[in-house]
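Presented below is the structure to which this report refers.
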């Protein structure tokens, strides 16, 4: 699918991997709707990026807000061809802590945002994609989800995060098969250790140490590298139903 003139919804689009992907697709001639909870930052970013961008303050767990954001996107640009799900949280906590069993509310919240929120966007964006005229390859749309290598090697304290990301991995192939007749491809990127706002909250020495744990290149991933893979997924019609690790050959230790 050509990026030029395509319309992409990007959740978590006001920072990190989402922002990098938005900037990259805009450079390739795309149009972008940024979905994010960070209203002030999102508005400022959309204004900075120019007329081919809109910002929608959206909680991905709220059906009405997602629906309104998708409607606004179609009103602004006429259609939706791409959805990139980058919104997520990853606060670690143990199931059995010093104060006893964890609060189930924290566990459920992680799944609500990372897994349910992803599906909320997929189903409403795919409804719009299904109405598109197919291109020469028969394509009507592309969905790109964000998982994590924690889906495969979750560490101590990551039971909620790993479960939510494993769920994203698990829905990828079934949805690709379901949407095949509609010409909508579904893929997932599973990043390793990347330079994101979440990572930036850690001390510099910790970030350096984490980067050195990556076999090659021995550094943290750059958001632009995530965006490059998103570009390739959109452009290559044979990519479908797959979860692609983007991790420099890193395999996470238990701690």
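With the gyration tensor restricted to C-alpha atoms of segment 65-149, the semi-axes of the equivalent ellipsoid amount to 35, 13, 8 Å, longest first. Spin-label pair residue 180-residue 224: with each label point 7 Å from Cα along the Cα-Cβ axis, the two points sit 3.8 nm from one another.
For segment 173-253, the equivalent ellipsoid built from the Cα gyration tensor has semi-axes of 30, 12, 11 Å, listed from largest to smallest. Remark: 255, 72 ranked as 255, 72, counting other beta-carbon atoms within 10 Å and listing the fewest first. With contributions of -39500 (n - 2.57) from each DSSP H run of at least four residues, the per-residue ellipticity at 222 nm computed over the chain stands at -13000 deg cm²/dmol. Once C-alpha pairs closer than 8 Å and six or more residues apart are averaged by separation and normalised to the residue number of segment 120-229, the relative contact order reads 23 percent.
Where does the chain land on Rg/Rh, using Cα atoms and the Kirkwood Rh? Using Cα coordinates only, the ratio equals 0.96. Each of 77, 226, 93, 35 was scored by other Cβ atoms within 10 Å of its Cβ. Listed from fewest to most, they are 93, 77, 226, 35. Across every direction, the projection of the convex hull enclosing the Cα atoms of segment 85-210 has a mean area of 9.4 nm².
Highest mean packing first, where packing is the average number of other Cβ atoms within 10 Å per residue, the peptides 56-69, 208-221 line up as 56-69, 208-221. Secondary structure note: in the chain, about 5% of the DSSP beta bridges are antiparallel. Three semi-axes describe the equivalent ellipsoid of segment 1-107; taken as square roots of 5 times the Cα gyration tensor eigenvalues and ordered largest first, they are 31, 14, 12 Å. For segment 140-183, the normalised intensity computed at q = 0.23 Å⁻¹ comes to -0.74 (log10 of I(q)/I(0), Debye sum over alpha carbons, equal scatterers, no solvent). Among 181, 79, 159, the largest mean-square fluctuation in a Gaussian network model of the chain, built with springs joining Cα atoms closer than 10 Å, belongs to 181. Across the chain, the mean sequence separation of Cα contacts (distance under 8 Å, 6 or more residues apart), normalised by length, yields a relative contact order of 20 percent. Reported to the nearest whole Å, the Cα centre-to-centre distance from segment 105-184 to segment 1-33 is 17.
The numbers here are math on the coordinates, done by the rules we state, and not lab data. In this text the structure is predicted, and so the values were computed from the model without any measurement. In this analysis, Cβ positions are derived from the backbone assuming ideal geometry, glycine residues included, and neighbour counts consider all displayed protein chains.
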